[in-house]
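Enquirer: Have a look at this one before I ask anything.
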Amino acid sequence: MAVAAAGSPTALRARLLSGSMIMLFSSALVGATNFIYNIAIARLLGAAQFGHATAIYTLLMLLSSLTLAFQIVCSKFVAKNTDIAAKVSVYQKLHRRSWQVSIVIGVVIVAASSVVTSYLNLPERSYVILLGLGTAIYIPLGVRRGLMQGVYNFRRLAENYVLEVVVKLVGALLLLHYGLGVTGVIAAVVASMAVAYVAGIPGAAFRIPARVGLPPSFDEGMQATVFFVGQVTINNLDIILVKHFFPAGMAGIYAAVALVGRVVYMLSWSIVSSMFPVSAGSSQERSGRAVMSTALLLVVLVASLFTMGIWLAPNSLWTMILGPGFNTQTQGSFSSLLVLYAALTGIYSFSVVIMSYEISRRIGNASWLQLGFSGAIALGIYLFHSTLHDVIAVQLALMVLLLVAVSVPFIRSQAAREADLLLGEPLIKVRKVQEEEIISEFVKAEFYQPEFDPYREQYGPIIYHPDLSNEQENAARRALLFRRRGRMWRELPKDTVWWEVELQKSDIARVRAFPRKQWRSFASNSFYLTEMIEGIRKKVETREPSPFILKMRAVVQDLDDNIVPDSVLLIGLDERGPLTIIEGNHRMAAALMLAPDTVHQRFRFYCGLSPNMAQCCWYQTDFVTLSRYARNIVRYMFQDRDYFVKRALRGREAQIAVSDSRDA
């Protein structure tokens, strides 16, 4: 019997299904326990007191954006690193940082307890103080759960979630028995998080000192934080606003609707929790999409079955379960409100699958879009809150729009990627190349530019006759390249591996021009050079005197006379995907016009490959990559580029290197 390769779509689907079944079972158990918990608390406290307790718990859920951000960043980096020492380093550094953040947040909450108490119409300030204590424990718990998730220990992760909810239920019932009311309920929540944190202590292998550096994670942490701020706002802000706008009894009724209706989201999130590390740990685009499609089908199934079950349940069932106090003054049957709420959470769950996949692959900017919709929900509820039905209806409309906003671009991009994957055979690699050789080829092709006028006569020999074994020369060429192309080079991922490659005729179809400046005027839906070349040819054949056309005419003539550089530099995600030219755009376009059938034989091709190339704006242009580019521009804006060139070329070793090159 054939065994699927570890990284194949079949193997990844199996891992996802296995993890999803564990997480779904635990989520069902957690959901059932939470359901019993909410019913018991609602019946023992009554609608008004239940509204107070739910408001505090909802505030904790809003603050859980930081918890989930730490969890998802930890799980992603742990999953991506194969070396145990690197996994240990990720966990230990994030765990230490999470405690620093949680203590600050906890102190801020306690300091602002009076203001929060007044806004939510709470009877006691102690509720908010307990919330601050719980937050200080909850954020580091996310890192420990992220470790379990990242090493695919879904069973232990599931047990940790179950333990938390069981302690919360038993603790709340015990403290309510002794008459502690809402204070006892909140204290039980804090105790449950503390127990889950202690139970989540990692094994001995993750408690040893680690010296391996944590991979750059600021962008990852920012993206995850933005994603979860938007997510928890969408999931919880409505309860806070209803508590502010409606009487305590009505707020308690809405809280009951929301807590029951969100079971579908909780079940869906268990599937996403399994999908995320599996997708992040896979370097192949095709395998990642297989994981995402499987997760999406599972979520559709879960959401449909749950919503159907809610719709079939009679209104009398909820009256019997929650008590008669939760079926009065609802401005519509409790059951109808619940069906509407379950539908909106189901629709939102579809969007979450797509957005989570994009974060795991680092290919999208949907986090900011979701954050914008969370603000729209707040505005919508502020404008339309005459009835509880209005509050739910405005959210449902916005969730439909969010699903359209994230799915349409995603479907288009995936269709384009699928077409890219089918363009031909894998790229043929001739030899692995050091970065110094690439820089040498790059600066050689650019050395005619005016920026190099002050250096051309003196330093031309080390450019046109390089000694790649000379470290001083390598440093000088790097400095000269950064004089003109520093902004471009800094955007390339640190893990880019360079190869000399042999292009086949079929490979030319997946070569894209540089996505900037004059090339944009010839691009319609893409920058593929073969699709742009006819438009360029027509312009070159006219008398148009634009700088771009004049340059193209000159390059065509130089290419015909064989007086152009013979190398072209490309970047790509993998051996099968599209390739973007970062140096040699005009030469490639000219060669396509002169001899399209032999353009793949005309030059020496070098290609930089990285699974993280999608975060480079030259390869994939979107909000996230352009934001990264803008930050780098600001960071290096005031550097004197000539100063750095002179510093690199200064010294006796540099003069010796130049002298030796001249003698050669």
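The values are calculated or read from the model by the stated rules, or taken from the named source; none is laboratory data. Just so we're clear, the structure is a prediction, and the values are computed from it rather than from any experiment. So basically every Cβ, Gly included, is an ideal-geometry build from the backbone, and we count neighbours across all protein chains shown. The accessibility values were calculated without ligands, DNA or RNA, using every heavy atom of the protein model including side chains. Shrake-Rupley method; radii C 1.70, N 1.55, O 1.52, S 1.80 Å.
Enquirer: Tell me yes or no: at least one residue of segment 491-504 is in a helix (DSSP H, G or I) and surrounded by 18 or more Cβ atoms within 10 Å (Cβ to Cβ).
Expert: For segment 491-504, residues in a helix (DSSP H, G or I) and surrounded by 18 or more Cβ atoms within 10 Å (Cβ to Cβ): absent.
Enquirer: Residue check, L174 against (1) open to solvent by 50 Å² or more (accessible area, probe 1.4 Å); (2) within 24 Å of G106 (Cα to Cα); (3) at pLDDT 75 or above, all met but one. Which one?
Expert: Among (1) open to solvent by 50 Å² or more (accessible area, probe 1.4 Å); (2) within 24 Å of G106 (Cα to Cα); (3) at pLDDT 75 or above, the lone unmet condition for L174 is (2).
Enquirer: Something else: Whether any residue in segment 464-473 is within 19 Å of L573 (Cβ to Cβ) and part of a loop (DSSP other than H, G, I, E, B) is what I want to check.
Expert: Checked segment 464-473: no residue is within 19 Å of L573 (Cβ to Cβ) and part of a loop (DSSP other than H, G, I, E, B).
Enquirer: Restricting attention to segment 563-599, report how many residues are over 30 Å from Y357 (Cβ atoms), of a type outside the set (G, A, S) and surrounded by fewer than 18 Cβ atoms within 10 Å (Cβ to Cβ).
Expert: So the answer is 6.
Enquirer: Here is a list of conditions, (1) of a type in the set (A, V, I, L, M); (2) at pLDDT 80 or above; (3) touching a helix residue (DSSP H, G or I) at 6+ places or on another chain (Cβ under 6 Å), and L120 meets all of them except one; can you say which number that is?
Expert: Only one criterion in (1) of a type in the set (A, V, I, L, M); (2) at pLDDT 80 or above; (3) touching a helix residue (DSSP H, G or I) at 6+ places or on another chain (Cβ under 6 Å) is unmet by L120, namely (2).
Enquirer: State yes or no: is S114 touching a Pro at 6+ places or on another chain (Cβ under 6 Å) and at pLDDT 80 or above?
Expert: no
Enquirer: Would you point out the residue of segment 608-645, among those that are open to solvent by 90 Å² or more (accessible area, probe 1.4 Å) and modelled with pLDDT under 60, that is farthest from the chain's Cα centre (by Cα)?
Expert: Out of the qualifying residues, it is Y643.
Enquirer: Looking at (1) under 17 Å from Y448 (Cα atoms); (2) open to solvent by less than 40 Å² (accessible area, probe 1.4 Å), can you tell me which one I549 breaks?
Expert: (1)
Enquirer: Here's something else I'd like to know. Could you list, in sequence order, the residues of segment 117-153 that are open to solvent by 40 Å² or more (accessible area, probe 1.4 Å), part of a helix (DSSP H, G or I) and of a type in the set (V, I, T)?
Expert: Correct list: I129 only.
Enquirer: Please tell me if F514 is within 31 Å of the chain's Cα centre (by Cα), touching a residue at least 60 places away in the same chain (Cβ under 8 Å) and open to solvent by 10 Å² or more (accessible area, probe 1.4 Å).
Expert: Against the criterion (within 31 Å of the chain's Cα centre (by Cα), touching a residue at least 60 places away in the same chain (Cβ under 8 Å) and open to solvent by 10 Å² or more (accessible area, probe 1.4 Å)), F514 qualifies.
Enquirer: Separate question: Enumerate the pairs (first residue in segment 545-570 and among the small types (G, A, S); second residue anywhere and open to solvent by 80 Å² or more (accessible area, probe 1.4 Å)) with beta-carbon separation below 6 Å, excluding pairs fewer than 6 apart on the same chain, so at least 6 apart or on different chains.
Expert: Listed pairs, sorted by first residue: none to list.
Enquirer: Right, another one. V167: at pLDDT 80 or above, part of a helix (DSSP H, G or I), over 29 Å from the mean Cα position of the chain (by Cα) and surrounded by fewer than 19 Cβ atoms within 10 Å (Cβ to Cβ), yes or no?
Expert: No, not satisfied.
Enquirer: Only one of V151, V185 is in contact (Cβ under 8 Å) with a residue 12 or more places away in the chain, over 23 Å from K76 (Cα atoms) and of a type in the set (A, V, I, L, M). Can you tell me which?
Expert: Only one candidate passes the filter, namely V185.
Enquirer: Taking segment 70-101 as the search range and keeping residues that are surrounded by fewer than 23 Cβ atoms within 10 Å (Cβ to Cβ) and hydroxyl-bearing (S, T, Y), which one is nearest to V143 (Cα to Cα)?
Expert: Looking at residues that are surrounded by fewer than 23 Cβ atoms within 10 Å (Cβ to Cβ) and hydroxyl-bearing (S, T, Y), I get S89.
Enquirer: Among the candidates S192, S217, which residue alone is touching a helix residue (DSSP H, G or I) at 6+ places or on another chain (Cβ under 8 Å), hydroxyl-bearing (S, T, Y) and modelled with pLDDT of 75 or more?
Expert: S192
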